[in-house]
Amino acid sequence: MTVRLSRAEALALRMISLLLRPHPAVRPGGVADVVEWFGAMQAQDAASGLWSLGVRLPGATQDDIRAALERREALRTWPMRGTVHLVPARDARWMLELTGVRTLAGIASRWRQLGLTVADGDRAADVLGATLAGGGRLTRAECLAALRAAGLAPDGQRGYHLLWYASHRGVTCIAPHIGTEQTFVLLDEWAPGQHSPERDEALAMLAHRYVRGHGPVSRHELARWSGLTVTDATRAITLAGDLLAPVEVDGEPAVVDAALLDAPRAPVDDVHTLPGFDEYLLGFKDRSLMLDPAHAAAVVPGNNGMFRSTVVRGGRVVGTWTRTIGAKAVTVTVHRLVPFDAALRTRVDAALTGYARFLGLELRHSW
C-alpha cells in the first residue's frame with residue numbers, strides 16, 4: 001500500500017533521515033556509523049565535511065572527527081558525479097566501480113581541451129602507485145612533483161584531473177589533511193579488506209543507504225545523486241525490496257526507508273547552522289521542500305556550485321552564514337533571508353555556539 005504524505009510530513013521524515021532530528025531506532029556512536037548510514041556524504045570542502053559529521057554527533061569536537069578519520073573510520077574519494085565524498089572505508093572500491101563508469105566515460109572532451117589522454121591518466125596512476133607503495137603518504141604538492149618528474153606536466157587543471165583519475169581507478173584515495181594540506185595514500189594499503197559485493201547487491205545497498213539517509217525521494221533523485229542511469233536507479237530500488245516503502249508526496253511517487261513509516265510526522269521546529277557542502281541540500285536536485293526557490297540565489301550565488309552555509313529552522317532555510325577563523329575565536333556573520341525575532345536569534349546564537357565549541361574557539365558575532 002502506498003502511503004500519502006503531505007509536504008510537511010515528508011519534510012519531517014526527511015529531517016529524521018538526515019540525522020538532524022532524533023531517529024526512533026538509530027543512535028550513531030561515531031564517524032563510521034554516520035558515514036555508513038548515508039553511504040556517502042558530500043565532502044569536497046574538507047572543513048564542511050568535518051562539521052557535517054560534527055552536527056550529527058553532538059558533543060564531538062573537530063579534533064575527535066579528525067582522529068576518527070586518521071583511524072580510517074571513513075575516507076574521502078570521488079565515487080559519484082566527479083565530486084569528493086566521505087564513504088565507509090571498506091566500501092570505497094565497489095562504490096567507485098559501480099558509480100564511476102559514467103563519470104570516466106564523460107571526461108573525453110574535457111581531457112582533449114587539457115591535452116590529456118587516457119594513456120596519460122593510466123601512466124599517472126602507475127606513477128602514484130609506485131611512489132606511494134609501502135605505506136607512503138604524500139601531500140598534493142608532492143604528488144604533483146612526482147608526476148612532473150615522470151614527465152607528466154601537472155600545470156593548470158591537468159594535475160587535478162590526473163589525481164582525480166588515479167582515485168577513480170581505485171589506486172589512491174584522499175587521506176586526512178596534514179595541517180592545511182590534502183594528502184594521498186594507496187587505497188588498498190590505507191583500507192585493506194575491501195568489500196566486494198556482486199553488482200545487484202551493490203545496487204540494492206546503494207539505494208537503501210541513499211533512501212534511508214535522505215527521506216522520501218524519487219528514483220530520479222537517486223539517479224542524480226549517484227550518477228547512475230534512471231534505469232539502474234529504478235532497478236536498485238526494486239532490488240532493495242521490502243527495506244523501502246512506496247509513498248506519494250504531493251501526488252508524486254517516491255520511496256522511504258520502511259523503518260520510518262511509523263515515525264512521528266509532526267512539523268519540526270529545530271534550528272541548525274549547517275555547512276555549505278552538506279547532504280541536507282546537495283543530496284537532492286529538487287530542494288523545494290527545504291529551500292524557497294526565491295532564496296536559491298542567496299544560497300548558491302551565481303548558480304556556480306558553491307553553496308553557502310545555511311541557517312535552518314524547521315527544515316527550511318531561513319538564512320546563510322559566513323565565518324572567519326582566528327587564533328582564539330571564530331567570527332560569524334549571519335545573513336537573514338526572513339525576519340528573525342528575538343527568540344529565533346537566541347536559538348541561532350545557541351547553534352553557532354555549538355559550532356564554535358566544535359572548533360574549540362570562542363564565538364564572536366557580526367550580525
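The table below lists the values:
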read-out	value
Only Lys, Arg (+1) and Asp, Glu (-1) charged, at Cβ; the chain dipole about Cα centre in debye	760
Square roots of five times the Cα gyration tensor eigenvalues for region 68-187, Å	21, 18, 12
Region 92-236 - accessible surface per residue (Å², probe 1.4 Å)	42
Signed unit charges on C-beta, dipole axis of the chain, positive-most listed residue Leu289, Ser218, Leu57	Leu289
Simple label model, 7 Å out from Cα along Cβ direction - Met1 to Val230, nm	3.0
Hull volume in cubic angstrom per residue (convex hull over the Cα atoms of region 159-296)	185
Carbon and sulfur %, accessible surface of region 68-108 computed with the full protein complex present, 1.4 Å	54
In Hz, Karplus ³J(HN,Hα) per residue of region 243-252 (6.51, -1.76, 1.60; θ = phi - 60°; x = Gly, Pro)	5, 10, 10, x, 9, 10, 10, 6, x, 9
For region 1-82, projected area of the alpha-carbon convex hull averaged over all directions, nm²	7.1
Calculated diffusion of region 250-367, Stokes-Einstein form, Kirkwood radius summed over Cα pairs, 4 °C and 1.567 mPa s, µm²/s	82
Equivalent ellipsoid semi-axes, region 256-321, via Cα gyration tensor eigenvalues times 5, rooted, Å	23, 13, 10
Label-point separation in nm, Ser109 to Ser196, each point 7 Å along Cα→Cβ	3.7
Region 243-300-region 210-232 distance, computed between alpha-carbon centres (Å)	13
Hydrodynamic radius (Kirkwood) for region 1-156, which is based on Cα pairs only, to one decimal in Å	18.4
Against the rule of thumb 2.2 N^0.38 Å, how large the Cα Rg of the chain comes out	1.00
Distance histogram for region 129-174 (every C-alpha pair counted, 10 angstrom bins, percent rounded to whole numbers)	27, 63, 10
Dipole of region 42-128, positive end: most advanced residue of Ala74, Ala124, Thr99 [Cβ charges, Cα centre]	Thr99
Linear extension gain, Ala297 paired with Ala133, 0.36 nm per residue minus alpha-carbon span	54.5 nm
Directionally averaged shadow of region 159-199, computed from the convex hull of its alpha-carbon atoms, nm²	3.7
Phi-based couplings in Hz for region 67-84 (Karplus 6.51, -1.76, 1.60; Gly and Pro marked x)	5, 5, 5, 5, 7, 6, 5, 7, 9, 9, 7, 10, x, 9, 6, x, 10, 7
Built amide H within the under 5 Å cut-off of Val256, gap 5+	Ala245, Val247
Square roots of 5 times each gyration tensor eigenvalue, C-alpha, region 228-267, largest first, Å	22, 13, 7
Whole-Hz ³J(HN,Hα) from phi, Karplus 6.51 cos²θ - 1.76 cosθ + 1.60, for region 187-200, glycine and proline x	4, 5, 8, 6, 9, x, x, 4, 5, 10, x, 5, 4, 5
Amide N of region 140-172 lying under 19 Å from the label point, which is placed 7 angstrom from the Cα of Ile178 along Cα→Cβ	140-149, 163, 172
Gain in span if fully extended, Ala329 to Thr61, counting 0.36 nm per residue against the direct Cα distance	95.0 nm
Rough spin-label spacing in nm, given labels placed 7 Å along Cα→Cβ, for Val118 and Ala25	4.3
Fraction of accessible area attributable to carbon and sulfur, region 232-318 (%, probe 1.4 Å)	53
Potential extension, Arg148-Arg102 segment - 0.36 nm per residue separation minus Cα distance	13.7 nm
Mean accessible surface per residue for region 251-303, computed with a 1.4 Å probe while every protein chain stays in place, in Å²	43
Surface share of carbon and sulfur [accessible, 1.4 angstrom probe, percent] for region 152-199	51
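The values are calculated or read from the model by the stated rules, or taken from the named source; none is laboratory data. What you are looking at is a predicted structure, and each value in this text was computed from that prediction instead of being measured. Note that each Cβ is placed from the backbone with ideal geometry, even for glycine, and that neighbours are counted across all protein chains shown. In case anyone asks, the SASA skips ligands and DNA or RNA and just uses the protein heavy atoms, side chains included. Shrake-Rupley method; radii C 1.70, N 1.55, O 1.52, S 1.80 Å.
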